[in-house]
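One structure is given below, encoded as structure tokens.
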Amino acid sequence: MVSASYDPLELYKLIESVVLKQTEDQYVVAAMWDQYKRVFNAQQGTMSNTQYYEAYRTILEVAESVGCVFANDKTLDYCAQLLHKQLYEALAPADKKIVGENARDRFIAYGLLRTSNKDHDHLKNALSDDYAKDQDNYPTNPQQSLLLMDKYSKHQRL
């Protein structure tokens, strides 16, 4: 039925139910480990930047649907300092929510770049070099990562 309908939302629901069903009869620690492993070991390979962005987003959505979290104490404090010049724990609940989303987006943006193919090695090195010079030019969300990947890919081909 899902295949015949070409409805992406129905396909997503089917995928999510299959993933959740598979994790119900699996040791919870193993299920979480496997999902984190899928995220951290993703590879762009020969996919275009846009295809990889979509594939990576799907991997993340599945991982988050079973409970994976892509922010931690260090990234929360880093983003809290950037946005509010305070530690995360000192923030009001509304600010914590914004900082949490920012930390998640930054983590995923970096992950997308980190797992991209060798076409983006120049970009990765440039961002790392900039940071070493106290210039944080890393993308703050996955969409910015995709834009940088597209820009640098085109720039490298010229």
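Every read-out reported here was derived from the displayed coordinates using simple, explicitly stated rules and does not represent laboratory data. It should be emphasised that the depicted structure is a prediction, and the values quoted were computed from it without experimental measurement. Please note: Cβ atoms are built from the backbone with ideal geometry, for glycine as well, and neighbour counts cover all protein chains shown.
For the range 49-158, rounded, prolate or oblate, judged on the Cα gyration tensor with a ≥ b ≥ c (square roots of eigenvalues), a/c < 1.5 rounded, else prolate if a/b > b/c? Verdict is oblate for the range 49-158. Charge tally for L146 (other residues, Cβ to Cβ under 11 Å; Lys, Arg +1; Asp, Glu -1): 0. Placing R0 at 30 angstrom, the Cβ-Cβ distance between V28 and E54 gives a FRET efficiency of 0.60 after rounding to 0.05.
Using the Cβ of N102 as centre and a radius below 11 Å, the other residues enclosed give a net charge of +1, where K and R count +1 and D and E count -1. Assuming R0 = 25 Å, can you tell me the calculated FRET efficiency for the pair R38 and T140, based on Cβ-Cβ distance, to the nearest 0.05? Calculated transfer efficiency: 0.60. In this calculation the C-beta distance from K85 to M47 is compared with R0 = 30 Å, giving a FRET efficiency of 0.15.
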